[in-house]
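Here the structure comes first, spelled out in structure tokens, and everything after it is commentary.
Derivation of every value follows stated rules applied to the coordinates shown; laboratory data play no part. None of these values were measured; they are calculated from a predicted model. Cβ placement follows ideal geometry from the backbone for every residue including glycine, while neighbour counts extend to all protein chains displayed.
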Amino acid sequence: MKLFPILRPVALPVSILTVCALCYNLPAAEYGSLRGNNRSSGPSQPAQHQQPQESRQPEIRQPQPEARPEQRPEQRPQDHPEQREVPQRPDEHFQPAPEQVDRARAEAADTRRQDIAPERQQSYFWSDYHRGMNIDRLPGGYRRIGLRGHNYFYFGGVFYDNGPSGYVVIAPPVDAEIPDLPPGAETVVVGSSIYYYAAGAFYLQQPDGGYLVVAPPMGAVVSLLPPDATESDVNGIAYYVADGVYYLPVMQNGVTAFEIVPQP
Amino acid sequence: MKLLFSIANGLLLMFAGCATAQEQTNVPPATSDTVASTSTDNTLLPRAETLLHSACDFLAQAPAFSFKGETWREHLNDEGQKIQFSRSVEMDVKRPDGLRLEISSPSSERCFWYDGKTLTILDRTHNWYSTAAMPPTLDDAIDSARDDYGIDLPLIDFAVSDPYTNAIAKVESAKYYGIGPVLGVPCYHLAFAQQNVDWQIWIEVGPQPLIRKFVITHKNDPGQPEFTAFITSWDLTDRIADSDFVFTAPVSASKIEMRKEQSAH
């Protein structure tokens, strides 16, 4: 007996329902106008009996593997650091599903268009640090990260190495893995990959739930320049350069952002 | 004693009636269309619709207007705390195709121009500007800016050609909450509910039903963050020159590319 004649009447409605389910999983954009918000939502439903205030349940997004995990407070004393040697498996990154990529892209755009990145940045631990900065003691709760036979130190988005008078702030070493994202990490979607960006470093989620420092991906668009980016004029076009990576100013979602581009 | 009690009651009722009548004189009469549009289960109170209609019509009939105000936008930080971020805003509108919107703070200054052909955004902080071709009407340009470029133009509801239709497009219930002050100005307080957002509006009591406060509650998002706007001054004189909507690049300003919104898979 052929199944297709039976399945055909249900295939189209099921596919429509699937698409609708995926659409409704996209986060609601927060515009400062009714017109902007209403164009985000689907067609309005027929007016129902007015619900009492108590029965309205706000939607709580469940943590997704690619979502920013809750920051765990680290209170370990300095003489009890955790040493992790990271095996070199850069190809084994967590692969998000297409709907997760779409959701991340929508959330990133919604945050960007609100244009609050400059103020938010000032609330993060890493915003007070820049490469080459010397400190005499590490912050409480730091982690020791082993990488290629060398020990680095990490706290709150800032990486350190031994320095002449204690420790020195360094650029995040590629392939270093941290258990949690730095505070305020920006979600950046490039193609079908979800990156996280903070203090000039890009991170990719790993299958074990950790986050690996990776090279800046070409085409990434970020809201803030790396801490030590310097302006470079090339053929009359202003670029910014940090660690040999070129950032081109663009207007994205109505605010200035910076795209990683090939060296001009 | 009974006579005195009756007289006192009568006087009280008389004064109560006068107070109600005084309030009523400031409210435009409900039109039959407004009453007819009320749903059968009375979730759209005629008074709220009427007041909103008068405020929206007042804006729609103005050939040009300007206002200044502040916006306060809530955002959840990593710890789930709601943080408010403020901006000063200035908007100039000249119907049918002129818009200038300035959004500023010590950290960020942006200005938007639309002149019937082009949308220009100037990042004053960095002295960069960007342009995009737009449809010829303000309504369509607003939608194109949002749909094609993902741009948020706060308070743009005031500038559309039909503010009332725009406002009630997805409204499911409307309520009236009496009169309250907004920065010292007595205002009618209205509340509207939709599936995607709830919103409230405060409309000045008096011959000019100007909007003084506007709140959008993003009720389906964690923490239900709110967008709040206070309008501190209105100018309804047609003093805006057409040239005010045409962008002139500041000295040494550089042009950057305006990127389109990336679409979902």
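Values as computed for the structure displayed
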| item | result |
| --- | --- |
| Partner chain coverage, peptide B:65-73 - average Cβ within 10 angstrom | 1 |
| Amide H partners (placed H, <5 Å) of B:Lys255, local residues excluded | B:Tyr129 |
| Local net charge near A:Tyr239, Cβ-Cβ under 12 Å (Lys/Arg +1, Asp/Glu -1) | -3 |
| Cα centroid of region B:64-138 to Cα centroid of region A:191-253, whole Å | 26 |
| Proximal charge balance of A:Val213 [Cβ under 11 Å; K/R count +1, D/E count -1] | -2 |
| Shielding by partners - mean other protein chain Cβ count within 10 Å, residues of B:218-230 | 4 |
| Amide H contacts under 5 Å for B:Val182, placed H, 5+ residues apart | B:Cys187 |
| Formal net charge of residues neighbouring B:Asp242 (Cβ-Cβ distance under 10 Å; K, R +1; D, E -1) | -2 |
| Peptide-level mean, for B:144-153, of C-beta atoms on other protein chains within 10 Å | 6 |
| Residue among B:Thr125, B:Val160, B:Tyr176 farthest towards the positive dipole end of region B:78-216, charges placed on Cβ | B:Tyr176 |
| Taking N as its residue count, the alpha carbon Rg of region B:219-265 over 2.2 N^0.38 Å | 2.02 |
| Gyration tensor (alpha-carbon) shape descriptor, region B:145-265, a/c threshold 1.5 | oblate |
| Shape call, region A:100-210: gyration tensor on alpha carbons, a/c limit 1.5 | oblate |
